[in-house]
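S.K.: The structure that follows is given in the form of structure tokens.
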Amino acid sequence: MAERLKVHVDPDKCQGHARCKALAPELFELDEYGNAHAAGDGTVPPGLEDKAWLAKSNCPEIAIDVIEE
Amino acid sequence: MSDVSQPAAHPPVTDWVNDFDHTDPQWTDDPFPIWEELRAASPVVHTERFLGCYMPTTYEAVREIANDTEHFSSRRIIVRDVRPEIARNAAPPITSDPPVHKPAKQLLLPPFTPDAMKKLEPRMRAICNELIDGFIADGKVDAAARYSKYIPVQAIAHMLGIPESDSDLFINWIHMILELGIKDESKLLQAVQEMSDYFRAHIEERRSKPTDDLISYLMNAKDKEGQPLEESHVLGSLRLLLIAGIDTTWSAIGSSLWHLARTPADRERLIAEPSLIPTAVEELLRAYSPVTMAREVVKETTISGCPVKTGNMVLLSFPAANRDPKMFPDADKVVIDRRENRHAAFGLGIHRCVGSNLARMEMQVALEEWLKRIPDFVLDPAGTVTWSQGTVRGPRQLPILFGRAM
């Protein structure tokens, strides 16, 4: 069952809508301009998979990838 | 000298697909069926009005244009009857194209991050409650004129460090620029002039007495060569923050209250489940997106298979994109717990609204504080709801009954 998930934000696509940070604050961080990147190496801790998918499906710029490893 | 004193009259629209007009009263009152008709006809429609203007009707076509800075310029951001010469530093960064856009935008981003907005939240709650105190004993209120209007204006005045008591002055300038200015150049020029004079006086004052606000922040900002910004740039950005900060969020809060006044089931659910408010705010933003921006075609291209020619404006309707059923199941329904909501209410691409985090916070706080104190309310059947014209859509009169008056 559950593969490990990793989140990734494409820095060229991110425009700082910050939806990912609002929906999954454990998985994303914002820089001083409000642009997002994955927290740590992007590994999604068990139990937060749903938040990872939610962040992906709400990013207006389609900048987030959820990678199944 | 050309006569700019007479605003143009627009004949009523009879053929929406080939002759659309976003200032027509039918569109202003209820644009949703019109967008459906246009979308069914083509992903991009055209009108000869406004000296030639396209409108993408699908989410995909809107996204394509918003991300294409080669063929579409942001130098003109309102679809109007005239195309005067481009003013330098009109309202950077929203009127800027690459490569000058990015450094101008980066200057404004740090004061508007979600963390910066968190610090403002207590002040916002106080503002909302002070406003409610002013009418709660009456049992009725024009919620647009006495509540939603003053929340964003006081917030941005607070951030800019200008007196909240000048709010009516700001609201009048914005009305002149975003509504009357579409058809009447003289009104727009007058408002821009008065705003510039107003901000120049504040800049002058801060030279001897620096403050901790956005005016001082921009006065002290450096460009990418490490030089202070030109005064025209500082003034342009200050005008932008004031214009963009006010009737956009005023409209979004007003439309949300309008929806809740007419939809008791949604109201009751939000009262029972206040943690759903942020999700509901996103859906209200999707369904009643206030802001339509513009682009100018500067190089011929094709959008969703439709050729577009240079010299035409583009009515970049994020609100119409947000009603595209290909993108959103049940796009015409307000689903306050909609989980997947990639809406474009704050724009897409490099011109994403700088104030989106502020607007979201204001909307959440405005609804939370209202619902806490006025859980039951309805539209006043004796009154009339009126909607703004053109660039920003929202109720301008929103008569509401509550409590004993219901």
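The values are calculated or read from the model by the stated rules, or taken from the named source; none is laboratory data. In this text the structure is predicted, and so the values were computed from the model without any measurement. Note: ideal-geometry Cβ built from the backbone for every residue, glycine included; neighbour counts use all protein chains shown. For accessibility, only protein heavy atoms count, side chains too; no ligands or nucleic acids. Shrake-Rupley method; radii C 1.70, N 1.55, O 1.52, S 1.80 Å.
S.K.: Mind grabbing the interface size between B and A? I mean buried accessible area, both sides, 1.4 Å probe, in Å² to the nearest hundred. Write out the running numbers ahead of the final one.
M.R.: On the way: alone 17480 and 4380 Å², together 20160 Å².
So the total buried area for this chain pair works out to about 1700 Å².
S.K.: Let me ask another. Quantify, in whole percent, the carbon and sulfur part of the accessible surface of the range B:311-359 (1.4 Å probe; protein heavy atoms only).
M.R.: On the way: 820 of 1590 Å².
Here it works out to 51 percent.
S.K.: In addition: Taking θ as phi - 60°, what are the ³J(HN,Hα) couplings along the range B:387-395 by the Karplus curve (6.51, -1.76, 1.60), each to the nearest whole Hz, with x for Gly and Pro?
M.R.: Once rounded to whole Hz, the list reads 10, 5, 10, x, 6, 10, 10, x, x.
S.K.: Under the definition of Cα pairs under 8 Å and six or more residues apart, what whole-number percent is the relative contact order of the range B:210-341? Working shown, then result.
M.R.: Working: 122 pairs, mean separation 26.8, N = 132.
Contact order relative to length: 20 percent.
S.K.: Could you work out how far the C-alpha centroid of the range B:331-368 sits from that of the range B:204-221, in angstrom?
M.R.: If we compute the Cα centre of each part, the gap is 31 Å.
S.K.: Which residue fluctuates the most in chain B, going by a Gaussian network model with Cα springs under 10 Å, if the choices are B:Arg262, B:Arg76, B:Arg207?
M.R.: Of B:Arg262, B:Arg76, B:Arg207, the most mobile in the Gaussian network model is B:Arg207.
S.K.: Starting from the Cα of B:Lys102, draw a straight line to each of the lysines and keep only those under 30 Å, dropping any in the same chain fewer than 8 residues away.
M.R.: Here the lysines satisfying the reach criterion relative to B:Lys102 are A:Lys6, A:Lys13, A:Lys21, A:Lys56, B:Lys118, B:Lys119, B:Lys222, B:Lys224, B:Lys299, B:Lys309.
S.K.: Something else now. In Å, what Rg and Dmax follow from the Cα atoms of the protein assembly as shown?
M.R.: Cα-based Rg and Dmax for the protein assembly as shown come out at 21.9, 76 Å.
S.K.: Can you compute 3J(HN,Hα) from phi for each residue in the range B:14-27, using the Karplus curve 6.51 cos²θ - 1.76 cosθ + 1.60 with θ = phi - 60°, rounded to whole Hz and x for Gly and Pro?
M.R.: Residue by residue, the range B:14-27 yields 10, 10, 4, 5, 10, 8, 5, 7, 6, 9, 5, x, 5, 5 Hz.
S.K.: How large, in percent, is the carbon and sulfur part of the accessible surface of the range B:163-212 at a probe radius of 1.4 Å?
M.R.: Details: 1350 of 2570 Å².
Summing carbon and sulfur atoms, their accessible area is 53 percent of the total for the range B:163-212.
S.K.: Before anything else, pin down the relative contact order of chain B: Cα pairs under 8 Å, at least 6 apart, normalised by residue count, whole percent.
M.R.: 27
S.K.: How large is log10 of I(q)/I(0) for chain B at q = 0.11, 0.12 Å⁻¹ when the intensity is taken from the Debye formula with one equal scatterer per alpha-carbon?
M.R.: Summing over Cα pairs of chain B leads to -0.82, -0.98.
S.K.: How many Å² of accessible area per residue for chain B, probe 1.4 Å?
M.R.: That works out to 41 Å² per residue.
S.K.: Simple spin-label model, 7 Å along Cα-to-Cβ: B:Glu164 to B:Asp197 in nm?
M.R.: According to this spin-label approximation, the distance is 2.7 nm.
S.K.: Taking the Cβ of B:Thr69 as the centre, find all other residues whose Cβ is under 10 Å away and add up their charges (Lys, Arg: +1; Asp, Glu: -1). Show your work: numbers first, answer last.
M.R.: On the way: positive: B:Arg295; negative: B:Asp68, B:Glu70, B:Asp97.
Result for the neighbourhood of B:Thr69: -2.
S.K.: Next question, about the same structure. Once both labels are modelled 7 Å past Cα along the beta-carbon direction, what's the B:Lys372-B:Phe32 spacing in nm?
M.R.: For B:Lys372 paired with B:Phe32, the spin-label model returns 3.1 nm.
S.K.: So, one more: Step through the residues of the range B:239-245 one at a time and calculate ³J(HN,Hα) from phi using the Karplus curve (6.51 cos²θ - 1.76 cosθ + 1.60, θ = phi - 60°), rounding each to whole Hz and writing x for Gly and Pro.
M.R.: 4, 4, 4, 5, 5, 6, x
S.K.: Name the residues whose placed amide hydrogens come within less than 5 Å of the amide hydrogen of B:Gln397, ignoring near sequence neighbours (fewer than 5 apart) on the same chain.
M.R.: B:Thr386
S.K.: What do you get for GluC sites (Glu not before Pro) in the range B:35-89 restricted to DSSP loop and a cutoff of at most 11 other Cβ within 10 Å of the site's Cβ? List each step's numbers first, then the result.
M.R.: Values: sites: B:Glu36, B:Glu37, B:Glu48, B:Glu60, B:Glu64, B:Glu70, B:Glu85; in loops: B:Glu48, B:Glu70, B:Glu85.
For GluC sites (Glu not before Pro) across the range B:35-89 that sit outside H, G, I, E and B with at most 11 neighbouring Cβ atoms in 10 Å, the list reads B:Glu48, B:Glu70, B:Glu85.
S.K.: Right, next: Can you figure out the FRET efficiency of B:Asp212 with B:Val298, using R₀ = 35 Å and their beta-carbon distance, to the nearest 0.05? It would help to have the intermediate numbers written out before the result.
M.R.: Working: r = 40 Å, r/R0 = 1.15.
For B:Asp212 and B:Val298, the calculated efficiency is 0.30.
S.K.: Mind listing the Cα extents of the range A:5-68 along all three principal axes, in Å, largest one first?
M.R.: Taking the Cα atoms of the range A:5-68, the three principal extents are 29, 20, 18 Å.
S.K.: If the only charges are +1 at each Lys and Arg Cβ and -1 at each Asp and Glu Cβ, what is the size of the charge dipole of the protein assembly as shown around the Cα centre, to the nearest 20 debye? List each step's numbers first, then the result.
M.R.: Details: 53 positive and 71 negative charges, 71 e Å.
Taking the Cα centre of the protein assembly as shown as origin, the dipole is about 340 debye.
S.K.: Extending each Cα 7 Å along its Cβ direction at A:Glu69 and B:Ala382, get the distance between those two points in nm, one decimal.
M.R.: Placing both labels 7 Å along Cα→Cβ, they lie 6.7 nm apart.
S.K.: If you build a Gaussian network model of chain B, linking Cα atoms that sit under 10 Å apart, which residue out of B:Thr14, B:Thr301, B:Thr28 swings the most?
M.R.: Evaluated over chain B, the most mobile residue of the options is B:Thr14.
S.K.: Can you list the residues, at least 5 places off or on another chain, whose amide H is less than 5 Å from the amide H of B:Leu316, using H built in the peptide plane?
M.R.: The answer is B:Met293, B:Ala294, B:Arg295.
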